[in-house]
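First comes the structure, then the notes that go with it.
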Amino acid sequence: MARPARRGELNWALSRELTERREELGLSQKETARRAGLSSNVYQRLEYDERAMSVEQLDAIAEALETTGDAIFKSAKGRVQRGECPTFAERAAMKLDAAIGYRK
């Protein structure tokens, strides 16, 4: 039986799915946002897991990424069930590192 998702895991997994699919297609964030009918700022915040997305946004982005919202959601849910998501503290540290430009 799959364990329940912890705080923020599904949003993180969704954002990873968007990033990976966009990169597979060779699209920029700006182009993806344009195709989805979103501002670049809104799209970036969704992809960086700084904002939860609505079902409507997920469907629009999925169409821009030549897939379906259902496919993205199922793949993200699989990441959560396999335990591939970082903990809340790890996600917070990654965001802080990104904000200050930390490089390993």
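Numerical summary
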quantity	calculated
Computed lengthening from residue 19 to residue 35, 0.36 nm per intervening residue step minus Cα-Cα distance	4.3 nm
Cleavage-rule hits (GluC sites (Glu not before Pro)) in segment 17-104: DSSP loop, at most 16 neighbouring Cβ within 10 angstrom	50, 66, 84
Anchor residue 77: aspartates and glutamates whose Cα lies under 17 Å away (excluding residues fewer than 8 positions away in-chain)	9, 17, 20, 47, 49, 59
Length released on extending from residue 81 to residue 28, taking residue separation times 0.36 nm less the Cα-Cα span	16.2 nm
Signed unit charges on C-beta, dipole axis of segment 45-102, positive-most listed residue 101, 72, 87	87
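Since every read-out is calculated from the coordinates, none of them should be taken as a lab result. These numbers come from a predicted model, not from an experiment. All Cβ positions, glycine included, derive from the backbone under ideal geometry; neighbour counts span all protein chains shown.
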